[in-house]
1. Under a 1.4 angstrom probe, counting protein chains only, how are A:R416, A:R119, A:R289, B:R84 ranked by accessible area, largest first?
2. Relative to the present Cα-Cα distance, how much length would full extension add between A:Q58 and A:Q99 at 0.36 nm per residue of separation?
3. Quick check: with the 1.4 Å probe, what order do A:W15, B:W121 take by accessible area, largest first?
4. Helix B:120-151: angle to the longest alpha-carbon principal axis of chain B, degrees 0 to 90, nearest 10?
5. How large are Rg and Dmax for segment B:1-94 when only the alpha carbon atoms are used, in Å?
6. Of A:D502, A:D403, which has the most accessible area and how do the rest follow, probe 1.4 Å?
7. Calculate, for segment B:221-270, the solvent-accessible area per residue in square angstrom, rolling a 1.4 angstrom probe over the heavy atoms of the protein chains.
8. Are there GluC sites (Glu not before Pro) in segment A:158-192 that DSSP puts in a loop and that have at most 11 other Cβ atoms within 10 Å, and which ones?
Amino acid sequence: MKKITKKQPWKYLFWLGPFLFMVGFTAGLVSGSWGLLPLAFMIPGIAVIIFWVVWQSQQSRWWASRSTQAGTNAVVATLAILVILGLINFLGVRYQLRQDLTETQLFTLAPQSQELVRRLPQSVKIWVFDTNQNPQDRELLENYQRQSSKFQFEYVDPQSRPGIAEKFGVKEYGEVYLESGNKRQLVQSLNVNERLSEIKLTNRLQQLTNSTVVKAYFLQGHGEHPLTGGESGISQAVQGLTEKGYTVEPLNLADKLQVPNDAAAVVVAGAKRGLFDAEVKALQNYLNRGGNLLLMIDPDTDPKLSPLLQEWGVRLDNRLAVDVSGAGVGLGPAAPIITDYGQHPITKDFGKNISFYRLARPIEITSVAGIQSTPLLQTKAYPNSWAESDLQSEKLEFNPDKDLKGPLTLGVALTRKLPATSNPIPTPTAATTPSPLTTPTTTQNQATPTPTVTTSPATSTPTATTTSLPSPATTPATEEKSEQSPKESRLVVFGNSDFATDGVFQQQLNGDVFLNSVTWLSQQDQQPLSIRPKEPKNRRITLSTSQANVLTLSSLLVLPLLGFLTAAFIWWRRR
Amino acid sequence: MGIVLANIIAIYRRELQSYFISPLAYAIAGVFWFISGLFFVTILFGPDGILPSVAAIDLQGQQLGVPVPLIDVPYEFIRAFLDRMGWLLLFILPILSMGLYAEERKRGTLELLATSPLTNWAVAVGKLLGVVTFLITMVAPLLIFEAIALSGSNPPMSPAIPLLGHFGLILLAAAILSLGMFISSLTDSTILSAVLTFGLVLLLLFVDLIAKSIGGPVGEALGHLSLLKHYNTFIQGIFDTSAIILFASYIFLGIFLTAQSIDALRFQRQ
């Protein structure tokens, strides 16, 4: 039967097909992109294989035989079944029914999270910049995804896709970002001890979907840095704020004489000329009704803000802060390097990292009743830094008569509790009433400012906030926030405005100092949704020693022996 | 319909009988029991086991007066045990499924089956039922041990999660056995059949890893094929219809392909 075929060495050229295909495929896999090179290998490879198959079938005419017909039937039937099974599974995933049987609902989202994700107004994507995917985290993200198709997530290796990582400003592995539209926000940083938390994620989502606009006003008209780019502009700082969800607008107090009510914060960035008294008064009024002010005042200028600053116990020194330690990194003595930060929300993540301030003036703080102040930026101690009064002389020298020894304070954050207004003790009633009614209790604060500086009984305020827990059935959580009114006014003073200008803003921590200050000022640390962390039920197994022994013996010895002995017995009998 | 059912039952009984008089089956059961017993004891009482480590945490908490983290010991135990059992099955099941058809081929009885009036479907279903039943009898004694251990649970645990976990275990086993049966019908070498099945099962395991590295909708679809991922949802205590549908698809696919391959055999012989 066998035909003796002639040897046809060129027949083996067929092996080029799979070979080329594999080369292209591997190249594509390794480089991660399917560009010209992998395709240049794969397409000829496939072409060779197809050619070979056609040629072979021409040779053997296999399609004419009966077994081929049956075989074709089988192949078609198999393909059909595969497609049908695929479709069934697709539908099964789409319309799946999940029931969490664990007693504490370990794998189910809190009702608040479910509600929030279901009514997401626009699509939201979570980017996890990590190489290893913790199954627990993934499970949580999949749970979110099941609620709404608007929620998506992706794991990204920052090293293999540096473009995306740079877009988000990823600093280390494990950072989780939330992106919606053109807003991007850090949710949390994952590590071995800290897994992805539903509480944080849901609260970030809530913040992001929040419809209220947070406005930051920049005072203009006295030689402040322009908001647009260009010479000494602060366009990068403005852009940074916009990315954080702020709306930035210029403010001209000379014709309005009042700070708009929707101002979350007012920034005075480097005013060169003095403000009118009426303008200062407007800022003072604004502070008194719970406003938030960021003052960045350069040396050698007098914006005439002393009455306002005095009220807060702040005095601007006219001398220049000098730091001779920065020469090694190319910063002159007039640009103090700060590595010493205060214990404050603004600077809590800074560690010993650097920010610098070209031409800065020290700030003196005196304590005033009812005002809490925290120095933010401290220069180094004396031999390295001091406040220089004589700027005319060629040589920078410490002059004990006129100069001030370091460490100097270049920035300070202050808070003043608003006096308790006409809205007395909302707590006891609020706590007992059902949750939908509790929210509007504190709205009147804004309307009735009282300029007296007293420390209010702080105890009543925090308890009031905890009562308005959103229960799943009530109003969407986003509305509750807008009704909150500030309970304190905040002020941040820097003896320098240069650190936030274009070019310098992106160097070292300078930008963070500015952005964190505005964030803290605007009191956007809004009330989080109260989601209880998932906790397993606390349960133990108590076994007596005899029970344990019986279990060990029977499972390790008796049962296996039973199997082996039976096997041996049957084998022996069969023999 | 009744005839088909009767045929299935006939095949099923023949298969079961062959298991219970085969020394090899008992030897496999013995190995399985020993390894699972080893897992059971080490997870529960071993030096790194749950009971000693939790006891140490409790003691530490009492001495230092710090609050002890909440631990659901029986839940953790049953989850860890079922997890190991899933892995163990991946190694044991190819050995169970390898002989299903390959043995018949070797002995020459497959022609009898293929040309008999029985439909290939009935044969495949009967054989699969037989081997799944044998597996269940292998797992059953372990249930007693688990029941004893869980009876010491304080406060008591509802049986829902262990039952769901074992349900998932049986589904996982049936899916792998069904695919193994198909592979066994392709060859007359039991060893080759076992090796190929093991390879296929490993592939279905690693498809999850591949899927994760690909990402996107393709990765998602690939990830859905993973056996162990769906088994994990069950042992965590989540009842998920899509997982049941996936396992059922695998079982059906195995039976269908087996019937097809025996069909092809008929044509070849003609």
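1. Accessible-area ranking of A:R416, A:R119, A:R289, B:R84, largest first: A:R119, B:R84, A:R289, A:R416.
2. Gain on stretching A:Q58 to A:Q99: 9.1 nm.
3. A:W15, B:W121
4. Roughly 20 degrees, rounded to the nearest 10.
5. Final numbers for Rg and Dmax: 21.6, 72 Å.
6. The ranking, largest first, comes out as A:D502, A:D403.
7. For segment B:221-270, the solvent-accessible area averages 34 Å² per residue.
8. Taking segment A:158-192 and a limit of 11 other Cβ atoms within 10 Å, the loop GluC sites (Glu not before Pro) found are A:E172.
The values are calculated or read from the model by the stated rules, or taken from the named source; none is laboratory data. Not measured: the values here are computed from a predicted model. Counting neighbours? That spans all protein chains shown, and the Cβs are built from the backbone with ideal geometry, glycine included. Surface areas here come from the heavy atoms of the whole protein model, side chains and all, with no ligands, DNA or RNA. Shrake-Rupley method; radii C 1.70, N 1.55, O 1.52, S 1.80 Å.
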